[in-house]
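The values are calculated or read from the model by the stated rules, or taken from the named source; none is laboratory data. Just so you know, these numbers come straight off a predicted model, no measurement behind them. As a convention, Cβ positions derive from the backbone with ideal geometry for all residues, glycine included, and neighbour counts pool all protein chains shown. All accessible areas refer to the heavy atoms of the entire protein, side chains included, with ligands and DNA or RNA removed. Shrake-Rupley method; radii C 1.70, N 1.55, O 1.52, S 1.80 Å.
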Amino acid sequence: MRFLEAEFVKGFIRMANDGWEQGWHERNGGNLSYRIKAEEVEAVREAFEVKEWQPIGTSVPGLAGEYFLVTGSGKFFRNVIIKPEDSLCMIELDEKGENYRVVWGLVNGGKPTSELPSHLMNHEVKMLATEGRYRVIYHAHTTNVIALTFVLPLRDEVFTRELWEMATECPVVFPSGIGVVPWMVPGGRDIAVATSKLMKEYDVAIWAHHGMFAAGEDFDLTFGLMHTVEKSAEILVKMLSMQPSKLQTIQVDDFRNLARDFKVTLPEKFLYEK
Ligand code: 2HA
Ligand code: ZN
């Protein structure tokens, strides 16, 4: 099969372009990765052009031998739809989960995303936690969430509760909550360790003054998660811009009633009295 005709490749490109259209990917901002199913790998194997092994910069033994489709370092989401073979690459991990090699894409040279350690450590945590269901990790520079990291305390409990209150769907869409990583240097192992630790508990992690990571089963659910959190943040920014306090909001008992009817579990640590 021609590489660009595979459904998983088309879905990946559409998601990248959707993120660009939302305004979350100025210049080379953001990155996306997808853990490819075995049958999807076989369907495109004839298109492979295998390159040299390179160090990942961290160790992900749980992902040994897995293949990923990822955005390229320094590549612009804006260009993914018009030149995917230049902007993206498919990589294979070695049997230790310490090295990768490009097997397709980046036809003009380059490397996988600068956030490869964070993507792969998040994939490893999520694959284990979901018996392999989760396949997508998405990093975006979501304007309103970033703005909130300047005015809200950088605590999981505060971000989760404030964003839950801004739209009734939120506790249903992200019932386990949102983690917050304080400002750290991006691109390396340290921020990857901090983020993947939060991903054991949450599907969303905020990077203070930088952006967000979201994890999910497929492109629709992961994009929808990012979109829902960012829309809720937009409502909070608008609300705080009108006046600093709420006249009314969703109450703790309302959340408990919602959890019962929608059959989700909302951790009590987010349902504190204010
Ligand atoms: O430039 O978003 O975090 C890509 C990034 C780095
Ligand atoms: Zn970033």
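Which one is farthest from ligand 2 (Cβ to nearest atom), of the residues in the range 139-159 that are open to solvent by 40 Å² or more (accessible area, probe 1.4 Å) and of a type in the set (D, E, K, R)?
Glu157
Looking for something surrounded by 19 or more Cβ atoms within 10 Å (Cβ to Cβ), under 30 Å from Thr143 (Cβ atoms) and in contact (Cβ under 8 Å) with a residue 12 or more places away in the chain - is there at least one such residue anywhere in the range 39-46?
Scanning the range 39-46 turns up no residue that is surrounded by 19 or more Cβ atoms within 10 Å (Cβ to Cβ), under 30 Å from Thr143 (Cβ atoms) and in contact (Cβ under 8 Å) with a residue 12 or more places away in the chain.
Out of everything in the range 185-196 that is away from ligand 2 (no atom under 12 Å from the Cβ) and free of Cβ contacts under 8 Å to residues at least 60 places away in the same chain, what residue ends up being farthest from Thr130 (Cα to Cα)?
Asp190
Looking only at the range 72-128, how many residues end up being hydrophobic (A, V, I, L, M, F, W, C) and more than 22 Å from Glu46 (Cβ to Cβ)?
Of the residues in the range 72-128, 11 are hydrophobic (A, V, I, L, M, F, W, C) and more than 22 Å from Glu46 (Cβ to Cβ).
Can you tell me which residues in the range 47-77 are surrounded by fewer than 20 Cβ atoms within 10 Å (Cβ to Cβ) and touching a His at 6+ places or on another chain (Cβ under 9 Å)?
Gly62, Phe76
Looking at Pro175, Pro182 in this structure, which one is over 23 Å from Val60 (Cα atoms), within 16 Å of ligand 1 (Cβ to nearest atom) and either in contact with a Leu (Cβ under 6 Å, 6 or more places away or on another chain) or acidic (Asp, Glu) (or both)?
Every option except Pro182 fails the conditions.
Of the conditions (1) under 22 Å from Gly11 (Cα atoms); (2) surrounded by 22 or more Cβ atoms within 10 Å (Cβ to Cβ), Met121 clears all except one; give me its number.
(1)
Checking the condition open to solvent by less than 50 Å² (accessible area, probe 1.4 Å), aliphatic (A, V, I, L, M) and more than 14 Å from ligand 1 (Cβ to nearest atom), which residue from Val136, Val107, Val80 passes?
Val136
Ile146 fails exactly one of the following numbered conditions: (1) part of a strand (DSSP E or B); (2) in contact (Cβ under 8 Å) with a residue 60 or more places away in the chain; (3) among the aliphatic types (A, V, I, L, M). What is the number of that condition?
Ile146 satisfies every listed condition except (1).
Which count do you get for residues in the range 222-260 that are in contact (Cβ under 8 Å) with a residue 12 or more places away in the chain, aliphatic (A, V, I, L, M) and open to solvent by 50 Å² or more (accessible area, probe 1.4 Å)?
The qualifying residues number 2.
Go through (1) within 16 Å of ligand 1 (Cβ to nearest atom); (2) in contact with a helix residue (DSSP H, G or I) (Cβ under 7 Å, 6 or more places away or on another chain); (3) of a type in the set (Lys, Arg) for Arg27 and report which single condition fails.
Answer for Arg27: the failing condition is (2).
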